[in-house]
Structures are given as C-alpha cells and as structure tokens.
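In what follows, a structure is listed as structure tokens, so that the remarks can point back to it.
The values are calculated or read from the model by the stated rules, or taken from the named source; none is laboratory data. These numbers come from a predicted model, not from an experiment. Positions of Cβ are generated from backbone atoms using ideal geometry, with glycine treated the same way; all protein chains shown enter the neighbour counts.
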Amino acid sequence: MRAVALLGLVLLFTAGCSERSDPAETGKDGWRIPAGVYGNVAPDAENGRLRGMEVSLDRGDESATADFARCEGRCEAAAKRPLRRGLNGVSFAIEHEGRTIDVLVGPAGPDAVEVSADWGRGLESHRLPKIVREVGLAAARQAAEDAAAPDAPAPPMPVAPSSPPPLPSPTP
C-alpha cells in the first residue's frame, strides 16, 4: 500500500514535467507579441499637436531592436534601441531629459501592446493598438531630416541678358 502511495506521489510531482513546455525566452505563459507598429499618436483636440507614443517591432518579440517615438506636442527623435527579453515582455532603454528610462513592452491581446515607463511623474502604462501605418515615427523621422537638411540655396538673381533675344524666323 505504501509503495502504491509513494508511486502516486512521484507521478503527481512529475506530471507537469514534459518536453512540450514553453521555451524559457517566451515567458511563463508563452506570451507573444506579433510583428507590427503599435501606437496611439493623434492630434490634440485643443491645438492639433501630436500626442502619444509609437513602437515598431519588425519581427514582434523576436526583433533585435525597437523603433520608438514619444510625442508631446512634437514627436521626439525616433530611437532605434536594442531589445532585452524578460518574463512578461521586452524592454529597452532610452535617454529622456538627462535620465535613462526603461520602457517595458508587453502583450495586451492579439492586436495591442502595453507600454510602461516612468517619465518622471511615476509609472505610466498605455495600451497601444496595432496600427496600419506609422504616424509618430514618421513625424519624428521627418523632423530629424528637416533639421539635418542644409538650408536651400537662394534662387539665382535674374541677370540682364547681354544680347537681345533672337527675332522670330520669317519662314514657318
């Protein structure tokens, strides 16, 4: 009888052990973040300026880097940052107002992510739905290109012609 009880106890403890378990890098519950662009950047109702944030993961949670833009009236420079994997999602670090900010990105359903960070006012979390095209990242990249582009040369001054224009031909 004791042998049967002992055998039952051993089977109970080993029942959860199998080769079918999730790989460690996918987290305890096998979370996944699909590839895509996630964001909530939209014009402010009061002044029309862009507000929100956007993250692009070209290979989802398997991405090596994340593109990130935060918009507070204008979109800050888009940052391409290396990803770190954790138990509940991925994270990356960015510089913001002289501080290093850890930005955590976790799954929030099949078509959204949750982005959490402390921007200096305590931890904030935002649900970012999957979007079709970049808004904040595109605005941040355009602003960076505009800032880096040299000033356009002034149009040439009109020059007085040195000879009169040719006369029309008398024959057609």
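Numbers below:
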| read-out | value |
| --- | --- |
| Filter pass, Ser116 being modelled with pLDDT of 90 or more and in contact with a Leu (Cβ under 6 Å, 6 or more places away or on another chain) | yes |
| Residues of the stretch 48-75 satisfying the condition of being modelled with pLDDT under 90, in contact with a strand residue (DSSP E or B) (Cβ under 9 Å, 6 or more places away or on another chain) and either crowded, with 19+ Cβ neighbours inside 10 Å or farther than 19 Å from Ala147 by Cβ (or both) | Cys75 |
| Ala79 being surrounded by fewer than 17 Cβ atoms within 10 Å (Cβ to Cβ) and at pLDDT below 95 | no |
| Odd one out for Ala45, checked against (1) of a type in the set (Gly, Ala, Ser); (2) modelled with pLDDT of 95 or more; (3) over 25 Å from Ala148 (Cβ atoms) | (2) |
| Qualifying residue in the stretch 142-161 (condition: within 24 Å of Gly48 (Cα to Cα), at pLDDT below 95, surrounded by fewer than 16 Cβ atoms within 10 Å (Cβ to Cβ) and polar (S, T, N, Q)) | yes |
| Counted residues, the stretch 90-111 - those being surrounded by fewer than 18 Cβ atoms within 10 Å (Cβ to Cβ) and either touching a residue at least 60 places away in the same chain (Cβ under 8 Å) or under 16 Å from Lys130 (Cα atoms) (or both) | 3 |
| Residue list for the stretch 31-45, filter: more than 13 Å from Leu128 (Cβ to Cβ) and more than 11 Å from the chain's Cα centre (by Cα) | Trp31, Arg32, Pro43, Asp44, Ala45 |
